């Protein structure tokens, strides 16, 4: 049996302000820092240890990982940062207040953009300063890799699942104990795949910030069970 720990980053400043964040590099709020510390403490007290960690290019996930590992005295373990584990790109919605956006577009549309599987938000213009082409972190991305607004389906199929299969799965098979610190939609997509959740049911599935989610996997990496640590 293999154990895999998924950790959504702690509350960010834009989570607190109820804004669409996506690929915008927003920091943790004070509450988010505390959540990350608590996650590390919970994992430590439960006897968890790790050989390798994965996270995104976004500081809210990176800091959550570092703070949690520091609580476990595991800052020394290898860390792989991958843009493929970034949050879903919210296109032209990034930075907007969710409640105000619902008033402008309708609650039904915004719900579909936020929670639906196939619905993509309005695309970001290529000359918009929020576009990742203006961010040096993403200078190595090719034109087809650059997102301007993603559905959950596109995020999963184009980047999260290929990265999972090509880079994370081989490490698990080798017996390494892994923690992935990432984002709500990144982890929703991975959970949808692991648990074969339907397109409609995933709309109502959420992962709380800062709560370690443990997956026990069999030798074929099929889920045996999963649970949150408290």
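The numbers here are math on the coordinates, done by the rules we state, and not lab data. Since we're looking at a predicted model, the values are computed, not measured. For neighbour counting, all protein chains shown are included, and Cβ atoms are generated from backbone atoms with ideal geometry for every residue, glycine included.
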Between 0 and 90°, nearest 10: helix 184-195 axis offset from the chain longest Cα axis: 60
Folded to 0 to 90 degrees: helix 30-45 orientation relative to the chain principal axis, Cα: 20
Where labels lie 7 Å past Cα in the beta-carbon direction, separation of residue 45 and residue 13 in nm: 3.1
For the stretch 24-138: relative contact order, % (alpha-carbon pairs under 8 angstrom, 6 or more apart): 24
Prolate/oblate/rounded label for the stretch 74-230 (Cα gyration tensor, a/c 1.5): oblate
Highest-MSF residue in the chain out of 198, 29, 68 [GNM, Cα springs under 10 Å]: 198
Helix 59-71 vs. the chain, principal-axis angle (Cα, 0 to 90°, nearest 10): 20
Efficiency of FRET from Cβ geometry, residue 106 and residue 196, R₀ 30 Å, rounded to 0.05: 0.45
